[in-house]
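Just so it is clear, none of the values below were taken in a lab; they were calculated from the coordinates. Source: prediction; values computed, not measured. Virtual Cβ from ideal backbone geometry, glycine too; neighbours counted across all protein chains shown.
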Amino acid sequence: MKFFMTDIHGDYYGLELLLKHAKIDFSKDQLVFGGDMINRGKESARVVKLIKELTDAHPHNVHVVTGNHEEMMGDYFRRGDKLWLRHGGKETLLNFEKIFSKAEMEEHKEWIMNLPLVFEDDEFVYTHAGLNPNELLHSQSRDILWMSEYDFYSIPKSALLNLTHNKPIIHGHTPVERIYFDGARLNADMGSNTYSVEEERGLGLVNLTEMYYWVYKQSSKKMEMRKVARI
């Protein structure tokens, strides 16, 4: 089975609950995280710690691509860019300092700052926000981390599938209330700690093999199972 989760934004409880609910067998199942592990929520450090532990324990089956919030964090530590602090970074930094020792802080910071933009398997291509069909798949500019839904979904499917050799692109970045698959793109960002309608904020875990997903609703603390809609 292949699974995907993105835009966790510090929701450790939802992350842990979904992983237990799905009963993923990490010895044979694949799980890809689509970035934006941090900020907004209160437990970014525990989210990062758990995901890194999973990648260390199952390096062939658990993969992570970076998101724009990890990019902002890297810019802060590399050159002091304070944009990150205005988008949840201040709280995330305090949480990191509370949970991690200095050595752990450095270890996790370096891991985050070196995550790839793109991951590819035999069926899908994974990235945080989108891809530029005018650039090589594994030589994309970092601008793709900020690609808007409008810009990404304005690109013809044929151009994207030509770029990926007919592999659909699995991504997040822009919150949605339902997950749709148009044959070329699937957006799995369920708006964890970010969506403007608080009652609709959720964290999703997609079973890409069977095309259904679980969503944990943060306001009601309820779990729902849904089919991925095809359009």
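Quick look at the values:
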| read-out | value |
| --- | --- |
| Matching option when the condition is buried (at least 21 other Cβ atoms within 10 Å of the Cβ) and in contact with a strand residue (DSSP E or B) (Cβ under 6 Å, 6 or more places away or on another chain), among Val62, Val48 | Val62 |
| Check on Lys98, charged (D, E, K, R), assigned to a helix (DSSP H, G or I) and closer than 26 Å to Phe181 by Cα | no |
| Restricting the range 22-62 to residues that are part of a loop (DSSP other than H, G, I, E, B) and of a type in the set (S, T, N, Q), the residue that is nearest to Thr6 (Cα to Cα) | Asn39 |
| From Ser220, Ser158, Ser196, residue being among the hydroxyl-bearing types (Ser, Thr, Tyr) and touching a helix residue (DSSP H, G or I) at 6+ places or on another chain (Cβ under 9 Å) | Ser220 |
| Within the range 147-172, tally of residues that are touching a Phe, Trp or Tyr at 6+ places or on another chain (Cβ under 8 Å) and of a type outside the set (A, V, I, L, M) | 3 |
| Selection within the range 11-24 - in contact (Cβ under 8 Å) with a residue 24 or more places away in the chain and out of contact with any Gly (no Cβ under 6 Å at 6 or more places or on another chain) | Tyr12, Tyr13, Gly14, Leu15, Glu16, Leu17, Leu18, Leu19, His21, Ala22 |
| Given (1) touching a Ser or Thr at 6+ places or on another chain (Cβ under 6 Å); (2) assigned to a loop (DSSP other than H, G, I, E, B), index of the condition Thr92 fails | (2) |
| Some residue of the range 203-213 being more than 19 Å from Tyr126 (Cβ to Cβ), part of a strand (DSSP E or B) and touching a strand residue (DSSP E or B) at 6+ places or on another chain (Cβ under 9 Å) | no |
| Every residue from the range 1-45 that is surrounded by fewer than 19 Cβ atoms within 10 Å (Cβ to Cβ) and among the aliphatic types (A, V, I, L, M) | Met1, Leu17, Leu19, Ala22 |
| Selected residue (criterion: surrounded by the fewest Cβ atoms within 10 Å (Cβ to Cβ)) from residues of the range 166-199 that are farther than 22 Å from Thr66 by Cα and more than 18 Å from the chain's Cα centre (by Cα) | Ser196 |
| Residue in the range 147-165 that is surrounded by the most Cβ atoms within 10 Å (Cβ to Cβ), counting only those that are in a loop (DSSP other than H, G, I, E, B) and either among the polar types (S, T, N, Q) or on the phi < 0 side of the Ramachandran plot (or both) | Met147 |
| Test: Ala103 is out of contact with any Lys or Arg (no Cβ under 8 Å at 6 or more places or on another chain), more than 20 Å from Val47 (Cα to Cα) and not in a loop (DSSP other than H, G, I, E, B) | no |
| Failed item, numbered, when Lys82 is tested on (1) surrounded by 18 or more Cβ atoms within 10 Å (Cβ to Cβ); (2) out of contact with any Ser or Thr (no Cβ under 9 Å at 6 or more places or on another chain) | (1) |
| Residue among Arg178, Arg226 that is assigned to a strand (DSSP E or B), touching a strand residue (DSSP E or B) at 6+ places or on another chain (Cβ under 9 Å) and of a type in the set (D, E, K, R) | Arg226 |
